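The values are calculated or read from the model by the stated rules, or taken from the named source; none is laboratory data. For clarity, every value in this text was computed on a predicted model and none was experimentally measured. Using ideal geometry, Cβ is built from the backbone for each residue, glycine included, and neighbour counts are taken over all protein chains shown. Protein only, heavy atoms only, side chains kept; ligands, DNA and RNA dropped before computing areas. Shrake-Rupley method; radii C 1.70, N 1.55, O 1.52, S 1.80 Å.
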Amino acid sequence: MLSFKNIAKQFADGTRALHQVSLEIPRGQFCVVLGPSGAGKSTLLRMVNGLALTSEGSVAVDGVEVTPANLYALRPRIGMIHQQFNLVERSTVLANVLAGALPTVPLWRAVFNAYPLEVRRKAARLLHEVGLDQGQLSRRITEMSGGQQQRVGIARAFMLDPTVVLADEPVASLDPKTSRDILDLLKQSSRLHASTVLCTLHQVDLAREFADRIVALRAGEVVFDGAPQALDDTT
Ligand code: ADP
Ligand code: ADP
């Protein structure tokens, strides 16, 4: 469970990016944060992983408040998916997914590529879940299409069955057909791993089609929060 209580964010230069945002997002919900550029979507996500600190209010993951002191403990509970995939390009598909287990694996094991067997099995299972089979595990990221790379990104993000997965414009670099495949996969993954997915999008049609819930932001304020069917064209 993810909760935002009376969040406000004002940057050092005076920009007010969010005003009085309160949300409770239950486990397993695929929640789309919808809004035009500059609405405050990325800032909202950054408050969950500690990349932005709140000016007012608090954010909590499973009841643990997001503060600098708690970030280390929260790391295994938060997965991340990026617009530009953020994979290690020279590395293999499998190695990138294994990296999703880093918060729980001793560093030497990662350095010597000596991940425990159950971690390797989990990575292979996740890759199968996202549609990449045994034959793809040793491929380099540079050989993969954008859609395939985002599948790897999804497998990495869900490695530790996190409470929350943050997906910041995960389909903004993909064509329309691939975008829909990836959103469908993200939604299925959120169900399968009982993870809350907080996914930013700027396309209303995609949000309507895939979201369990839409939170629409405009100029830092929540202008809609509800089921996709309830979102009318005026919001
Ligand atoms: P979105 O993700 O919806 O495009 P952002 O959260 O990136 O919106 O930005 C919200 C507002 O906050 C914008 O006006 C943006 O210019 C501003 N902003 C974002 N980051 C900073 C920062 N580090 N310093 C000052 N203003 C910022
Ligand atoms: P994104 O859409 O991925 O958030 P942006 O271009 O909005 O990318 O922001 C990229 C970086 O620039 C972020 O670290 C953000 O905090 C910062 N930033 C965005 N807007 C401003 C701004 N008006 N002033 C200062 N920094 C900003």
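Restricting attention to the range 30-64, the residues being touching a helix residue (DSSP H, G or I) at 6+ places or on another chain (Cβ under 7 Å), away from ligand 1 (no atom under 11 Å from the Cβ) and in a loop (DSSP other than H, G, I, E, B) number 3.
Within the range 1-49, restricting attention to residues that are of a type outside the set (Lys, Arg), under 20 Å from Leu201 (Cα atoms) and open to solvent by 80 Å² or more (accessible area, probe 1.4 Å), the residue that is nearest to ligand 2 (Cβ to nearest atom) is Ser37. All told, Arg109 meets the bar of being farther than 22 Å from Asn49 by Cβ and touching a Phe, Trp or Tyr at 6+ places or on another chain (Cβ under 7 Å). Per this entry, Ala52 is counted among residues that are within 16 Å of ligand 2 (Cβ to nearest atom) and out of contact with any His (no Cβ under 7 Å at 6 or more places or on another chain).
State all residues of the range 75-84 that are away from ligand 1 (no atom under 16 Å from the Cβ) and open to solvent by less than 20 Å² (accessible area, probe 1.4 Å); if no residue qualifies, say none. Within the range 75-84, Gly79 is the sole residue that qualifies. Within the range 24-39, residues that are small (Gly, Ala, Ser) reach partners that are within 10 Å of ligand 1 (Cβ to nearest atom) and open to solvent by 10 Å² or more (accessible area, probe 1.4 Å) with beta carbons closer than 6 Å, at six or more positions or on different chains, in the pairs Gly35/Lys41; Gly35/Arg218; Ala39/Arg218. For the structure I just gave you, tell me whether Thr104 is out of contact with any helix residue (DSSP H, G or I) (no Cβ under 7 Å at 6 or more places or on another chain), of a type in the set (Val, Ile, Thr) and open to solvent by 60 Å² or more (accessible area, probe 1.4 Å). Considered against the rule, which asks whether it is out of contact with any helix residue (DSSP H, G or I) (no Cβ under 7 Å at 6 or more places or on another chain), of a type in the set (Val, Ile, Thr) and open to solvent by 60 Å² or more (accessible area, probe 1.4 Å), Thr104 comes out as no.
Tyr72 - would you say it is surrounded by fewer than 19 Cβ atoms within 10 Å (Cβ to Cβ) and either modelled with pLDDT under 95 or touching an Asp or Glu at 6+ places or on another chain (Cβ under 9 Å) (or both)? Considered against the rule, which asks whether it is surrounded by fewer than 19 Cβ atoms within 10 Å (Cβ to Cβ) and either modelled with pLDDT under 95 or touching an Asp or Glu at 6+ places or on another chain (Cβ under 9 Å) (or both), Tyr72 comes out as yes.
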